[in-house]
Amino acid sequence: MLAYVTGAAGFLGSHLCDRLLREGWAVAGIDNLVTGDARNLDAARRTGRFTLVEADVSLPWTWRDRLPGELSAPRLVLHFASPASPIDYGRLPLETLAVNALGTMHAVALARETGCRLVLASTSECYGDPLEHPQRETYWGNVNPIGLRACYDEAKRYAEAYLTSAVRATGIDGRIVRIFNTYGPRMRLDDGRVIPAFCGAALRGEPLTVFGDGAQTRSFCYVDDLVEGIYRLATLPGLAGRIVNVGNPGEFTVTELAGLVSALLGVPLRIERRPLPPDDPTRRRPDITLARDLLGWEPRVPLDQGLPPTIASFRERLPPA
Ligand code: NAD
Ligand code: UDP
């Protein structure tokens, strides 16, 4: 069984490759390393069943010519390539729009051509600054279509529209996971997301940068839990066209998170306030009823248990002082 994973060198893509390989799959990862790190794939390479193709999936799929014949017919494609942190997509807005629009169109073309199943990585950002709380899959969202986040959230909404239209129009087996804030080993310390930002600052003895009043909330899912949910969505039968939230409903204010990180690292809580970025969602929490019903899935790792291994991985990556 062969799977393609776009965005394989990234945080989530690399964990998904490891999981597929553990389950006995052969995996071809496609990544242009724009935000990823090939070191994330060291364990995958050691299996002897992993191939990395360095290529931009927004371009036509010319990289497929570079794969040997036995790797030409995947059973499954996980389309995870996309800058994902506000700093990354702020730096790469047009590339982010391209990979979610053109990259998704290419992935759909591949699914039509080979008959493989396709899972699209979407995001809770599709709900924008939500007026419904917690967010169910039926909620249409509250998104600023021309704001600073639009290159990401509107791109993902387009990708969802393209995939669901393709399922209806062509009968491909496409599925969508709406991922809520996820953390764990292999996140980049400098990707600007709140958990690496707080852990990095606390490890360096610097104050934690809280944007706005810190009352905004997020619900943080440990990567192993997320991967389990995605693996089930990708492998269970009868889920074509389904869109499922996968995330941990445990909701924390940013200030609470700052307190927890400081406590776990045994350092006094020191906060430096910064302005709230435009369109920063006020609150976010997944309703995971559908994931429970369809996938028999729910998260197992609470934040205070997922943070220590995450912090340990940041320690290893911290440049020497
Ligand atoms: P990441 O930045 O660590 O990984 C993304 C990977 O995609 C990187 O390796 C990057 O080099 C690659 N990539 C980007 N554009 C590409 C292109 N045009 N061609 C080939 N490769 C390309 O991000 P992540 O956190 O692992 O996110 C992975 C996916 O999950 C993204 O689609 C993201 O939108 C989605 N997601 C993540 C989260 C989260 O909390 N981590 C939440 C919601 C959705
Ligand atoms: N945040 C913060 N300090 C930081 C980084 C982020 O206070 O150094 C806040 C940010 O404003 C947001 C929350 O933490 O309200 C989560 O930010 P992140 O970028 O991790 O995820 P997203 O906003 O995409 O959910």
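The values are calculated or read from the model by the stated rules, or taken from the named source; none is laboratory data. Please read these numbers as outputs of a predicted model, since none were measured by experiment. Backbone-built Cβ (ideal geometry, glycine too); neighbour counts: all protein chains shown. What goes into the accessible areas is simple: the full protein's heavy atoms, side chains included, and nothing from ligands, DNA or RNA. Shrake-Rupley method; radii C 1.70, N 1.55, O 1.52, S 1.80 Å.
If you take every residue apart from PHE314 with its C-beta less than 13 Å away from the C-beta of PHE314, what net charge results, scoring Lys and Arg +1 and Asp and Glu -1?
Numbers: positive: ARG186, ARG188, ARG193, ARG204, ARG315, ARG317; negative: ASP190, ASP191, GLU316.
Computed value for this residue: +3.
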- Note on the structure: Placing one equal point scatterer on each C-alpha of the range 128-194 and summing with Debye, one gets log10 I(q)/I(0) at q = 0.17, 0.18, 0.28 Å⁻¹ equal to -0.85, -0.92, -1.23
- Query: So how much accessible area does MET105 have, in Å² to the nearest 10, using a 1.4 Å probe?
  - Reply: 60 Å²
- Query: All other residues with a Cβ under 10 Å from the Cβ of ARG117 taken together, and with Lys, Arg as +1 and Asp, Glu as -1, what is their net charge?
  - Reply: +1
- Report, to the nearest 10°, how far helix 194-203 tilts away from the longest principal axis of the Cα atoms in the chain, using its own Cα long axis and a range of 0 to 90°. 50 degrees
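Which FRET efficiency, nearest 0.05, do THR209 and ARG136 yield, Cβ-Cβ r, R0 41 Å?
Numbers: r = 32 Å, r/R0 = 0.78.
Computed FRET efficiency for THR209 and ARG136 comes out at 0.80.
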- Message: How tilted is helix 93-114 with respect to the longest principal axis of the chain? Cα atoms for both, answer in degrees (0 to 90, nearest 10).
- Response: 30 degrees
- Query: Excluding ligands and nucleic acids, what accessible area in Å² is computed for HIS106 using a 1.4 Å probe, to the nearest 10?
  - Reply: 40 Å²
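Just to verify a number: FRET efficiency for LEU94 and LEU294, C-beta to C-beta distance, R0 = 41 Å, to 0.05? Walk me through the numbers on the way to the answer.
Details: r = 35 Å, r/R0 = 0.86.
FRET efficiency, LEU94 to LEU294: 0.70.
With +1 on the Cβ of every Lys and Arg and -1 on the Cβ of every Asp and Glu, and nothing else charged, how large is the dipole of the chain about its Cα centre, in debye rounded to the nearest 20?
On the way: 36 positive and 37 negative charges, 89 e Å.
In debye, rounded to 20, the chain gives about 420.
How large a share of the accessible area of the range 1-129, in percent, is made up of carbon and sulfur atoms when the probe is 1.4 Å and the other protein chains stay in place?
Working: 2620 of 5000 Å².
Here it works out to 52 percent.
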- Could you state the angle between the C-alpha long axis of helix 150-170 and the longest principal axis of the C-alpha atoms of the chain, as a value from 0 to 90 degrees rounded to the nearest 10? 30 degrees
